[in-house]
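Since the structure comes first, as structure tokens, the remarks are kept for the end.
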């Protein structure tokens, strides 16, 4: 029976490395470790390495460190638990590092977490829609959000509305909607693969 199960490709969110998604019990330790390294350990340790330089530069004017996150860190998207968990971790780390700078160093250094939704791009080949902007459109909104003073930024207006609705509803309803969308998307992807 186990050999007949098929893993859907990772298509909800553009991951740094285009990887297949799966339940964690069907994923190798190396696969999970790689996702955690890319999305949590690397940004954490590179920030640590550059912190003295960032603090020095913040004496000349404001410096903003931007962590690229994912709405997947706030909702229950199936098959992406290592990715979503690492993004949720970095959202919290960003907030705490910002607080550290205010309390311990008094620097002009701030930390911002960008909560990204689905965006059509070279690694996320999906149709552009109201809910799925093209990466160029998204980038314009992202640049406008820099220096806003907010700790968590959702640059695209439609993503911001969706996020507010989804995170404002009861968790069970949010899970139901996300899972229904996931099933629909996985069926579409399977049909597209068959037609090739």
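Figures for the structure shown
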read-out: Close pairs from the stretch 173-196: first free of Cβ contacts under 8 Å to residues at least 24 places away in the same chain, partner part of a helix (DSSP H, G or I) and surrounded by 14 or more Cβ atoms within 10 Å (Cβ to Cβ), Cβ under 8 Å, at least 6 apart; value: 177/166
read-out: Subset tally (residues that are under 18 Å from residue 75 (Cβ atoms) and either touching a helix residue (DSSP H, G or I) at 6+ places or on another chain (Cβ under 9 Å) or buried (at least 17 other Cβ atoms within 10 Å of the Cβ) (or both)) for the stretch 85-100; value: 7
read-out: Number of positions in the stretch 101-150 that are part of a loop (DSSP other than H, G, I, E, B), surrounded by 12 or more Cβ atoms within 10 Å (Cβ to Cβ) and out of contact with any strand residue (DSSP E or B) (no Cβ under 9 Å at 6 or more places or on another chain); value: 5
read-out: Hits in the stretch 151-173 - residues which are buried (at least 16 other Cβ atoms within 10 Å of the Cβ) and either touching a strand residue (DSSP E or B) at 6+ places or on another chain (Cβ under 6 Å) or farther than 23 Å from residue 124 by Cα (or both); value: 153
read-out: Of the criteria (1) under 26 Å from residue 24 (Cβ atoms); (2) in contact with a helix residue (DSSP H, G or I) (Cβ under 8 Å, 6 or more places away or on another chain); (3) at pLDDT 90 or above; (4) part of a helix (DSSP H, G or I), which one residue 72 fails; value: (3)
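The values are calculated or read from the model by the stated rules, or taken from the named source; none is laboratory data. Worth saying up front: this structure is predicted, and the values here are computed from it rather than measured. So basically every Cβ, Gly included, is an ideal-geometry build from the backbone, and we count neighbours across all protein chains shown.
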